[in-house]
Amino acid sequence: MRIKDHRLFAQRLALLHRVSPTLTPAEQWQLKYLDALESSLDGNFAAATEPLRDVIDHSGDVDLAAKASAALLTNLTATHRYEAAFKLANEMTLNLPKLRSRESRFQTLGALSQMLNFAGQTELATKYAQMMMNTIPENATECDPDFKLAAALSNADKLRSSSTELARVIKTCTAAHEPVVTAAAELILSSLYLKEKQPSKALSVLNQINPTVIKNRYYPHLLSSLSQRAQAYEQLGQDENAKKAAKEAIAIAKPGEISGYLRSALEVLYKIARKEGNAADALNYYEQFVVQDKGYMNDLSVPVIAYQTVQQKVLTQKLEAESLSKQNRILTLQQELDAKAVETSRLYIVLLLIGLTGIVLWLLRLKHSQLRFKRMATRDGLTGILNHQHFINESERQLRHLERKSGHASLLWMDLDHFKQINDTHGHAAGDAVLRHIVAVCNDHLRPGDLFGRLGGEEFGILLLECERDHAIAIADRIRLAIEGNPLEHEGMMLKVSASVGIASTYNAGHALQRLCRQADAALYRAKRDGRNRVIADAGEGTSVFV
Ligand SMILES: Nc1nc2c(ncn2[C@@H]2O[C@H](COP(=O)(O)OP(=O)(O)OP(=O)(O)O)[C@@H](O)[C@H]2O)c(=O)[nH]1
């Protein structure tokens with residue numbers, strides 16, 4: 001529904017009310033908005049305020065709320081509640097990007113342009129009017145933006161009766177069948193004629209639009225046209241007509257109303273009364289004129305002051321917000337930096353630990369490798385006892401030591417009997433297992449300080465420290481018996497071996513290893529020769545132990 005014709009609008013609204021129980025909740029909100037518009041058109045702004053607020057706050061429809069805001073903004077301006085008007089204008093400006101429909105955007109821009117124009121902010125008003133041009137909805141024309149632009153230019157004193165902008169707005173609004181806006185544009189034209197002292201042209205315009213103004217019943221236009229008519233007649237010297245029109249204007253005014261139109265009407269009456277020499281009337285009108293003039297001037301300055309105040313508040317809030325957000329940003333950055341520093345030091349610690357662990361692991365591996373190599377260099381790979389070379393080296397060292405302190409030792413040369421048969425009969429792996437088993441059996445009879453080495457194949461050497469000859473024979477025989485008495489169970493087979501042992505002692509051979517070895521080997525040779533599985537000490541002296 002469009003408000004070209006106020007009477008028609010009121011009639012259709014009444015029709016809608018008859019079917020209101022059948023309307024959806026969304027349609028009910030639309031109806032409430034239209035009711036408020038009707039009150040505004042009637043000049044009953046107070047009755048319109050509440051429903052418009054309700055629609056803005058509770059309809060849940062951003063576009064309808066924007067339209068209601070536009071209507072409320074016009075009302076607040078008309079009722080001189082400028083501070084509230086500017087507050088609402090700010091909200092509307094912020095909400096502009098949220099609007100979905102061109103219609104609500106168009107109305108918002110229009111209301112803002114109108115309000116800013118009234119506040120004397122003609123440049124902003126012009127800007128908003130130009131923005132309206134770019135968002136004309138389907139059901140609207142260029143009439144409204146053209147009018148807002150002309151009104152802003154007029155207020156900025158940049159318009160003459162001959163200006164193309166004015167001719168254009170009258171043309172577009174007439175073509176668009178917008179009687180209220182056309183009348184408003186025509187009233188601007190007539191006021192410009194009055195200013196330019198062309199009262200006949202002004203009167204001609206006023207006469208031409210009079211039927212429309214009466215039909216529209218738009219109060220500001222009624223008041224304006226009567227006031228302008230009075231001025232036109234006064235300029236033409238038609239005092240009676242001027243007085244009649246001025247008095248009509250005063251008669252329709254609301255009690256206590258302050259307006260530029262009333263001021264002009266009273267000025268006309270004062271001038272005529274003075275001209276007529278009617279001092280009492282002249283004084284009376286003059287007093288009323290002063291009241292209107294003072295009030296009108298105040299009224300004009302109030303929106304400008306309110307604008308400055310609100311602008312100041314907005315600016316202060318913006319600055320506060322900016323400084324707050326700056327502080328917050330600094331705080332956040334500080335926290336981020338602190339967090340980063342903690343993170344970095346944690347990273348360093350982790351890296352350090354990883355590095356240290358790596359070094360420790362590397363050292364352990366190195367040590368392990370060293371030990372492995374050392375073991376490989378000194379131990380026999382199969383049995384784990386000393387290898388030949390290391391056994392000889394260690395034996396020499398111990399013997400030198402014993403010699404220095406006059407201690408004694410016995411050297412056992414042990415060879416397994418017919419070991420080849422084990423290999424040949426049961427395989428090489430079985431032979432290896434037997435060798436490992438024999439070493440374990442021997443170890444059970446040796447002391448920790450004794451040296452035990454594999455001299456090669458199935459031949460072993462044992463250096464018994466601090467051990468005299470007889471004791472060595474006893475140990476050797478215990479070992480021999482243990483070997484014989486502990487066959488190895490291997491893959492379900494009992495592998496039985498015996499050993500022959502030759503003994504040499506430092507008592508007889510001295511501490512030179514080579515000599516000891518020779519004698520031990522000779523004793524072993526005898527043990528073998530004499531039938532194996534026996535112990536022979538100090539070859540040549542005949543001491544032997546038989547099974
Ligand atoms: N399984 C195994 N056999 C070995 C190893 N070293 C040497 N032999 C074997 O031991 C055997 C020694 O044989 P011989 O020297 O003939 O001596 P024997 O058979 O014990 O006879 P006598 O010593 O005369 O009693 C050989 O068959 C070698 O191959 C070894 O590390 N593992």
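Tallying residues that are open to solvent by less than 20 Å² (accessible area, probe 1.4 Å) and in a helix (DSSP H, G or I) within region 251-263 yields 2. The C-beta contact set for region 424-442 (first residue open to solvent by 20 Å² or more (accessible area, probe 1.4 Å), second residue within 8 Å of the ligand (Cβ to nearest atom), distance under 8 angstrom, 6+ apart or interchain) comprises Asp432/Leu382; Arg436/Leu382.
Residue-by-condition table, conditions (1) in contact (Cβ under 8 Å) with a residue 24 or more places away in the chain; (2) open to solvent by 50 Å² or more (accessible area, probe 1.4 Å):
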| site | (1), (2) |
| --- | --- |
| Thr49 | yes, no |
| Asn75 | yes, no |
| Glu83 | yes, yes |
| Leu88 | no, no |
| Asn95 | yes, yes |
| Glu103 | yes, yes |
| Gln114 | yes, yes |
| Thr126 | yes, no |
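Restricting attention to region 248-271, the residues being more than 19 Å from Gly237 (Cβ to Cβ), at pLDDT 90 or above and basic (Lys, Arg) number 1. Could you please let me know if Leu236 is open to solvent by less than 30 Å² (accessible area, probe 1.4 Å) and touching a residue at least 12 places away in the same chain (Cβ under 8 Å)? Against the criterion (open to solvent by less than 30 Å² (accessible area, probe 1.4 Å) and touching a residue at least 12 places away in the same chain (Cβ under 8 Å)), Leu236 does not qualify. Considering region 369-389, the residues that are in contact with a strand residue (DSSP E or B) (Cβ under 7 Å, 6 or more places away or on another chain) and part of a helix (DSSP H, G or I) include one that is least open to solvent (accessible area, probe 1.4 Å), namely Thr378. Among the numbered conditions (1) in contact with a helix residue (DSSP H, G or I) (Cβ under 6 Å, 6 or more places away or on another chain); (2) in a helix (DSSP H, G or I), the only one that Arg105 does not meet is (1). Tallying residues that are under 21 Å from Ile258 (Cβ atoms), out of contact with any Asp or Glu (no Cβ under 9 Å at 6 or more places or on another chain) and surrounded by 15 or more Cβ atoms within 10 Å (Cβ to Cβ) within region 271-285 yields 1.
The single condition among (1) over 23 Å from Pro220 (Cα atoms); (2) within 60 Å of the chain's Cα centre (by Cα) that Ala273 does not meet is (2). Does region 491-522 hold any residues that are open to solvent by 60 Å² or more (accessible area, probe 1.4 Å), assigned to a helix (DSSP H, G or I) and either within 16 Å of the ligand (Cβ to nearest atom) or among the β-branched types (Val, Ile, Thr) (or both), and which are they? Asp521 - this is the single residue of region 491-522 that is open to solvent by 60 Å² or more (accessible area, probe 1.4 Å), assigned to a helix (DSSP H, G or I) and either within 16 Å of the ligand (Cβ to nearest atom) or among the β-branched types (Val, Ile, Thr) (or both). For region 51-60, a tally of residues being within 12 Å of Ala26 (Cα to Cα) and either open to solvent by less than 50 Å² (accessible area, probe 1.4 Å) or part of a helix (DSSP H, G or I) (or both) returns 3.
So is Asn387 within 14 Å of the ligand (Cβ to nearest atom) and either in contact with a Phe, Trp or Tyr (Cβ under 6 Å, 6 or more places away or on another chain) or in contact (Cβ under 8 Å) with a residue 60 or more places away in the chain (or both) or not? Judged against the criteria, Asn387 is a match. Quick one: would you say Leu488 is open to solvent by less than 10 Å² (accessible area, probe 1.4 Å), hydrophobic (A, V, I, L, M, F, W, C) and modelled with pLDDT of 95 or more? Answer is no for this residue.
Of the numbered criteria (1) farther than 22 Å from Ser39 by Cα; (2) outside any helix (DSSP H, G or I); (3) charged (D, E, K, R), the one Lys243 fails is (2).
The values are calculated or read from the model by the stated rules, or taken from the named source; none is laboratory data. None of these values were measured; they are calculated from a predicted model. Virtual Cβ from ideal backbone geometry, glycine too; neighbours counted across all protein chains shown. Remember, those area values only see protein heavy atoms, side chains included, never the ligands or the DNA or RNA. Shrake-Rupley method; radii C 1.70, N 1.55, O 1.52, S 1.80 Å.
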